[in-house]
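This report refers to the structure that appears directly beneath it.
None of the figures in this text is laboratory data; all of them are computed from the coordinates on show. Everything quoted here is computed from the prediction, not taken from an experiment. Neighbour counts are summed over all protein chains in view; Cβ atoms, including those assigned to glycine, are modelled from backbone coordinates with ideal geometry.
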Amino acid sequence: MFELIERLQHNTLQVSLPGFQPELAICATIVLLLLGRMLPFTRWIDTLWIALGGTLVALYLARPWQHLAVGTDVAATPLFDGMLQLDTFTIYFRGVLLLFVALFLIFSRLSGIPDREDAVDIYALVLGSTLGMMLMASANHLFVVFMGIEMASVPSYALAGVLKGRRISSEAALKYAIFGAGTAGVMLYGISLLAGALGTLHLPTMVNQLADMPEAEFAMRQTVLLSGGLMLMVGLAFKLSAVPFHFWCPDVFEGAPAEVDAFLSVASKAAALALLVRVAIGFGHVPTSSVAAVDRPTSAVVRTVAFAAQPAVDAPVAAKAADDKAETPATVPVPLAKSRRFMVGLISLLAAVTATFGNLAAYSQTNLKRLLAYSTIAHAGYMMMPVAAALAVVGRDPELARESISAICFYIGTYLFMNLGAFAVVAFVRNETRSEEIRDYAGMIRRSPGLVVCFGIILVSLLGLPPMSGFAAKLLVFKSLVTDPQLYTLLIIGGLNTVLSLVYYLRVVKVMTIDAEPQDRVLPSFSMLTPGGVFITLMTIPVAGLGIWWDPLNVLAQQAVRQLFS
Amino acid sequence: MESAVTLLSLVVFLPALVALLLAFVPKDRTDTVKLMSLACTAVVFLITCWMAIPGTGADDLRFDLGTAKLQDAFAVDWIPSFDIYYFMGLDGISFPLLILTSFSCLCAMGASWNISKHVKAYCILFLLLETGMLGVFLALDFFLFYVFWEVMLLPMYFLIGVWGGPRREYAAIKFFLYTLLGSVFMLIAILMLYFNSDLVVLARESAYNPTKNPEKWAEIHVAEKVTKEVVAALEGKSNRPIHTFNIIALKKMGQHTLLFNNPDTPLAFGKSIQWWAFLLLFLGFLIKVPGVPVHTWLPDAHVEAPTPISMLLAGVMLKMGGYGILRICYPICPEAAHDLAWFVCFIGVLSMVYGAFAALAQKDFKRMVAYSSVSHMGYVTLGIGVWSIFEANRFNPDYWSMGMNGAMFQMLAHGISSPGMFFMVGVIYDRVHHRNLDEFGGLFGRMPVYTALAFGIFFAGLGLPGLCGFIGEVFVTLSIWNYSKTLAIISAATVILTAAYILWMIQRVYLGAEYKGPHGDHISPMTGREFSIAAPILALAILFGVHPNLLFMYMTPTVHQTVQELAEWTEDVKAPLDARQRTVTAASGDASDSQ
C-alpha cells in the first residue's frame, strides 16, 4: 500500500507535473487575471500584458523548438497515470495553440474588442478555453477527452456572446451553448457505453481489450461498441463543426465578433483535430511494448482503483504488442480490423460530406463572416481526410500512417495564419465601415490596395492555389489519400471540392477588385502602415512564404508525428 | 551548373522581379511603367535569342544543336522533405517553345500600348503571367511544373476580367473553372505517379543504375543526396521506396519498369495506374489545347480578352497543352498511350473538323479566329497521337517521328500566325469598335499596308505553301496515312474547310467596293507601332515557311529520340506482352474448343 502511494507520489512530482508546466503556467495566469479584478493593480498595468506574458511563458515552458528539433530523442511519456500523453504530437499542438493565442491577444487588442471593463473577462475566458484545448491535444483517456471538450467549450459559449446587448450575439451564444450541451450529453452517454463494453476508459488499454476480445464476445458486444463509437463521434463532430453537427457554426460566426470567430475557427479546430487523431489512434492501433511498459505500473493502479472487479489483462498485452511492423491481414485481430474499417468509413464519409456541404453552402452567402464560417466547415472536411487515410494504412505501414497525420499538422500550421489573417481583415474593415457584408467591399482596391492584395493572397491560399501555403497543405492531404486504393473516391471528392470552392472565394476577390465602387458613399482608405495593417501584413507573409518554401514547416510536422503509431 | 541555375532562373524570374519593382512606381507614371515592362520582355527575348545561337558543347550555355539530351539542366534542393527539387532544363522540345513565349510576350507587350485602364496593375499581371509561361516550359520537376501551370491562372483571370470586353466576367470565370478542373485531374495523376514511383526499383531493374552505369544515371539528374540514398537502398540498408517528382525519372520508370503498369495490381476496373494517370493528364492537357468537346471556354476567353492577351492565349497558352502531352503523357504512360492512340487521334480529327465548321459559321471576326485555333490545334493532337510504327510487319518509327515533328512545327507555326491574326483583328477593332464580319468590306482601299500584312498572316494560318502553316499540316497529314487512311483523308479534306473560312472572311472584310459598317470615318492607316509588331510576325511566317529547317534543326534530335524510345519500348516490352496475351487467349480458346 505504501509502495503504491510512494509510486504515485513519485509519478506525480517527478514525471507528471514537470511535463504539465505549460498548462500550469496558463492556470497561474488565469488566477492572476481574476485576482486583478479584486486587487487594484490592474488599474496601473494593462491586463493584456499579463495575459500575453503568461502565454509566452507557457510557450517557453512548452519548448517546441527544442523538442521538435531533428535528432533529439525525447521519450513519449504518459502523465498522471496515463490520463495524458506527452509526446511530440502534444508538443506541436501546444506550440500551435500557444502561438495562436499570443497572436490572437495582440490582434484583439489592435482591433479594440476588449475594452477596459471587459478585457480581464475576455482574456480569462480565452486562456481558460485554451487550457481545455491543450488537454484535448494530449488526451489519452476518454475522461480527459470529455473534460477537455467541456473546458474548451464552456468559455467559448460566453465568448460568443461577448458583445453584450446585441440580440444576434446573445442568440449565437445561446444556440452554441444548447447545441454544445446536447452533443456533450450524447458523447458522455457514448463514453459510458464504451466503458461498459471494454471495462476501461484508458485509450491504449481499450484498444488492447478490443484486440484481445474473443470473436464470439465481440459479436455480442458489437452493437454497444458501435453505438458508443457513434455517440463519441457526435461530440467530436460538434467540435470540428462537421456536417451534420455544424448548424451552430454559421450562426455563431455571424453573431460573434470576428475576433472570437478567429479563435473558434483556428484554436478550437486545431484542438478538435488533435483529439480526433488521438481517438482514432486509440481505437485503431495497438501500442507496442515500449509504450505499454512505461505505462503499465500506474495504469494498472488506475484500473484497479476504478474497476476493482475487473481482472488484470496485462499479460497478453505484453506478449502480442511486439509485432507492430510485421502486422499482416492474417494477424490483425478481427475486432481491431472491424474497428478500423468502421472508423475509416465513418471519417471518410464525414469528411466528404463536410467538405462538399461547406463549399456548396458558401455559394449563397452575402455576409463575409458566414462565408468564412462555411469555408472553415469545408476545411474541417479536408483536414479530417488524412485521419481516415492513416487508419486505412496503419496495419500495412505505420510509417505511411505517420506521414498522413503529419499532413494534418502541416495543414493546421498554415491554416492558423490564413484564418487569423482573414478574420483580421474582416475585423479591421468592420472598424472602418461598420459592415461585414460582401457587397460593402465593392471596389475596395481603389482606396485600399494593400489590404486587398493581402486579403486576396489569403483567399487564394484558402482556395488552395499555388504558390500559396494553402496549396502545399492541400497537396499533403491529397498525397495521404493516394496511399490506398479504397481512398481514391475521397481523393476525387476532395479534388472536385477545390474546383467548387473556386467560385465563392473568387467572388469576394472579384467584388473587391473588379466591381465598381458604390456611388452613394465614399469608402474609407485603409493604410497598411497602421498597426492593424502591419498585423495583416505579418499574417500574409507566412501565408505566401510557406507556399514558396514550406520545407521547414514540413520537417516540423514530420517531427511532430514521429512518436505516433509506435 | 551554377551558371545554368543563374541563367534559367534569370529568364524565368526576371519578369516577376520587374513586376515587384513596378509595384513601387507611382500609379500615374504610366509611360514609365509601360516602358519598363517592354524593356523587361525585350531583355528576356534577347537572352533567349542569345541562347539560340548554336553552342559548342557541354559547358556552353547556348543551345547545342547536335544532341537530344537535356541541356543547361540543374536540380537544386527546394523542399527535400517532400522529394521536391528546383529542377529545370532545356531540350529540343522545350527550347523552341521558350523562344516562342518570349517573342510572343514582346509582341503582346508592344500591342498593349493602347491599354489605358489601370496600367500599372495590367503590367504587373502581364509580367507575372510571363513568368508562369516561361517556367512551365523549363520546369522538369512535376511539382514545379504544376506550380508554374497554376501561377498563370490568377493573372489571366484578372487580365480577362478587368480589361476584357462586355462579357468579360463570365469569360474569365469560365476560363478559370475549366482550367482548374483540368489541373485538379492533373494533380491527382501527379500524386498517383509520385506515390507509385520508386527510384530504387528503377536502379535495380533497368540500365539506369548509379553504381553500374553512372553515366546513364546522370541523365536523370537526381540530387546527389538522393543518389546516395538509392545506393544505400540497393545495398539493402533500407527497404523504403524513394519517391520522386522528377519528370525524367518518371519517364524512365514508365518505359523500363512495371511500377506504373503492374498487371497484378490494377488500380480500378482492371486498368493500371498509368492508364488512369494518362487519362487524367490527357484530360487536363486537352482542356488547355483545347480539344473538342472541352474547348468551349476558348471562344469566350479569346473573344472577351483584350487583344494582347488573346495573342498570348492563342500564341503560348494553347501550346502548353500540346507540350504537356508530348513531354508528360506519352513518355511516362506509354502503355496507355499505345492502347488509347485511336482515341487521341479521333479527338484530334474531331477538333480539326469541328473547329473548321464552327469557324465557318461565325459572324464575329475574333470568334472566327478563335475557332480556327481549335481547328489548328487539332493537328497537334493528331500528330502526337499517331502511333504509326509498323510498316509491313517491321518496326519503323520514321512516320511517327514525322508526325511528332509536324505537331511541334504546327505548334510553333500556330504560335506565330495565330497571335498575328488576333492582332490584325485588334487593329481594325480599335478603329471601328465592332467585329461583325458582315459589316466590313473595302479595307484594301482604305488601309493598304494593313491589308497586305493581314493577307500574309491569314494565308500563313490557312497553310499556304511557302508560309509556316503549310509545313506542320503536311507533315501531320502524311504521317497519319500509314496509321489510318480514313483519318488521313478527313484531315486532308479539312484544309479545304480552312481555306473556305479564311478566304470567305478575306472577301467580306478586305475586298469589296466600300466599307459598310459604322465608324467608317475612323479608319486610318496603320501606325508605325502596329506595323512594327505585325511585320516581324509576317517575316517569321515567311521565313519558317521557306526555310523550315531553321526550326527543325533545334527540335528534330529530341523529338526523334522521344519517338525512338517509345518505339523501342513497343518493340521490347509491349509487343512480347501482347504476343503472350494472344497466346494465352488462343490457348484458352483451344481448350474450350476441345471440350
So what's the gap between the Cα centers of the range A:443-473 and the range A:214-285, to the nearest angstrom? 30 Å
Which of the chymotrypsin sites (Phe, Trp or Tyr not before Pro) found in the range A:19-64 are in a DSSP loop and have at most 16 neighbouring Cβ atoms, other than their own, within 10 Å? A:Trp44
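One quarter of the convex hull surface, Cα atoms only: what value does that give for chain B in nm²?
Averaged projected area of chain B's Cα convex hull equals 28.8 nm².
Give the calculated FRET efficiency between B:Thr67 and B:Gln507 to the nearest 0.05, with a Förster radius of 51 Å applied to their Cβ-Cβ distance.
Values: r = 48 Å, r/R0 = 0.95.
Approximately 0.60, to the nearest 0.05.
When Lys and Arg each count +1 and Asp and Glu each count -1, what net charge do the other residues less than 14 Å away from A:Phe218, Cβ to Cβ, add up to? List each step's numbers first, then the result.
On the way: positive: A:Arg221, A:Lys338, A:Arg340, A:Arg341; negative: A:Asp212, A:Glu215, A:Glu217.
In short, +1.
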Whose amide H sits under 5 Å from the amide H of B:Asp364, counting only residues 5 or more places off or on another chain, with H placed in the peptide plane? B:Leu437
Please turn the phi angles of the range B:495-501 into ³J(HN,Hα) values with the Karplus equation 6.51 cos²θ - 1.76 cosθ + 1.60 (θ = phi - 60°), one per residue in order, whole Hz, x for glycine and proline. 4, 5, 4, 4, 4, 4, 6
Calculated over chain A: convex hull of Cα atoms, volume per residue (Å³): 146 Å³
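If packing is taken as the mean number of other Cβ atoms within 10 Å per residue, what is the order of B:409-415, A:491-497, highest first?
Put in order of decreasing packing, that is B:409-415, A:491-497.
On a full-extension model of 0.36 nm per residue, what is the gain between A:Ile541 and A:Leu529, subtracting their alpha-carbon distance, rounded to one decimal in nm? Kindly include the intermediate steps, with their values, before the conclusion.
Working: separation 12, 0.36 × 12 = 4.32 nm, distance 1.51 nm.
My answer for the length gained is 2.8 nm.
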Extension gain from B:Lys485 to B:Ala207, taking 0.36 nm per residue of separation minus the Cα-Cα distance: 96.2 nm
Highest to lowest packing among A:338-350, A:246-258, scored as the average C-beta count within 10 Å: A:246-258, A:338-350
Volume per residue, Å³, of the convex hull around the alpha-carbon atoms of the range B:1-109? 120 Å³
Rounded to the nearest Å, the spacing of the alpha-carbon centers of the range A:331-390 and the range B:505-552 is 57 Å
If you count, for each residue, the other Cβ atoms within 10 Å and average over each peptide, how do A:516-528, B:429-441, B:294-306 line up from highest to lowest? B:294-306, B:429-441, A:516-528
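Give the average, rounded to an integer, of partner chain Cβ atoms located within 10 angstrom of each Cβ in A:459-465. Can you show the working numbers first?
Values: counts 0, 2, 0, 0, 2, 4, 8.
Mean shielding by partner chains, rounded to a whole number: 2.
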Suppose only helical runs count, i.e. DSSP H with n ≥ 4. What mean residue ellipticity at 222 nm does that imply for chain A under -39500 (n - 2.57) per run, divided by all residues and rounded to the nearest 500 deg cm²/dmol? -24000 deg cm²/dmol
Honestly the range B:360-562 on the Cα gyration tensor test (a ≥ b ≥ c root eigenvalues; a/c under 1.5 rounded, otherwise a/b vs b/c for prolate or oblate) is just prolate
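What is the Cα radius of gyration of the range B:391-499 over 2.2 N^0.38 Å, N being its residue count? Kindly include the intermediate steps, with their values, before the conclusion.
Values: Rg = 17.9 Å, N = 109, 2.2 N^0.38 = 13.1 Å.
The range B:391-499 yields a ratio of 1.37.
Per residue of B:266-276, what is the mean number of Cβ atoms on other protein chains within 10 angstrom of that residue's Cβ?
Numbers: counts 1, 2, 3, 0, 0, 0, 0, 2, 0, 0, 1.
If you average over the peptide's residues, the count of other-chain Cβ atoms is 1.
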Where does chain B land at 222 nm, in deg cm²/dmol rounded to the nearest 500, when only DSSP H runs of n ≥ 4 count, each adding -39500 (n - 2.57), divided by all residues? -22500 deg cm²/dmol
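Using the 2.2 N^0.38 Å rule of thumb for compact globular proteins, work out how the protein assembly as shown stacks up: its C-alpha Rg over that value, please. Before the final figure, lay out the partial values.
On the way: Rg = 32.4 Å, N = 1161, 2.2 N^0.38 = 32.1 Å.
The reported ratio for this selection is 1.01.
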In peptide B:182-189, how many Cβ atoms from other protein chains are near each Cβ within 10 Å, on average? 5
Assuming R0 = 30 Å, can you tell me the calculated FRET efficiency for the pair A:Glu171 and A:Leu360, based on Cβ-Cβ distance, to the nearest 0.05? 0.75
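Note the full-extension length gain between B:Tyr170 and B:Ala579 as 0.36 nm times their separation in residues minus their Cα-Cα distance, in nm to one decimal. Intermediate values should be presented prior to the final figure.
Details: separation 409, 0.36 × 409 = 147.24 nm, distance 5.24 nm.
Here the segment from B:Tyr170 to B:Ala579 would lengthen by 142.0 nm.
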Could you work out the local net charge near B:Met377, counting Lys and Arg as +1, Asp and Glu as -1, over the other residues with Cβ closer than 13 Å to its Cβ? +1
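Between B:Val546 and B:Val5, what FRET efficiency follows from the Cβ-Cβ distance if R0 is 35 Å, with the result rounded to 0.05?
Numbers: r = 38 Å, r/R0 = 1.08.
The value I calculate is 0.40.
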Take the alpha carbon atoms of the range A:169-183, find their center, do the same for the range A:198-212, and report the distance between the two centers in whole angstrom. 33 Å
With a point put 7 Å past each Cα toward its Cβ, work out how far A:Asn431 is from A:Trp549 in nm, to one decimal. 3.2 nm
Evaluate the distance, in nm, between pseudo-label points positioned 7 Å from the Cα of A:Phe143 and of A:Met220 along their respective Cα→Cβ axes. 2.7 nm
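May I ask which of A:Lys510/B:Lys120; B:Lys271/B:Lys574; A:Lys510/B:Lys174; A:Lys479/B:Lys237; B:Lys228/B:Lys252 have a Cα-Cα span longer than 21 Å here? Present the calculation step by step, with values, prior to reporting the outcome.
Details: A:Lys510/B:Lys120 18 Å; B:Lys271/B:Lys574 15 Å; A:Lys510/B:Lys174 14 Å; A:Lys479/B:Lys237 26 Å; B:Lys228/B:Lys252 19 Å.
As for pairs spanning more than 21 Å Cα to Cα, those are A:Lys479/B:Lys237.
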Simple SL model, points at 7 angstrom along Cα→Cβ for B:Phe357 and B:Phe269; separation in nm is 2.7 nm
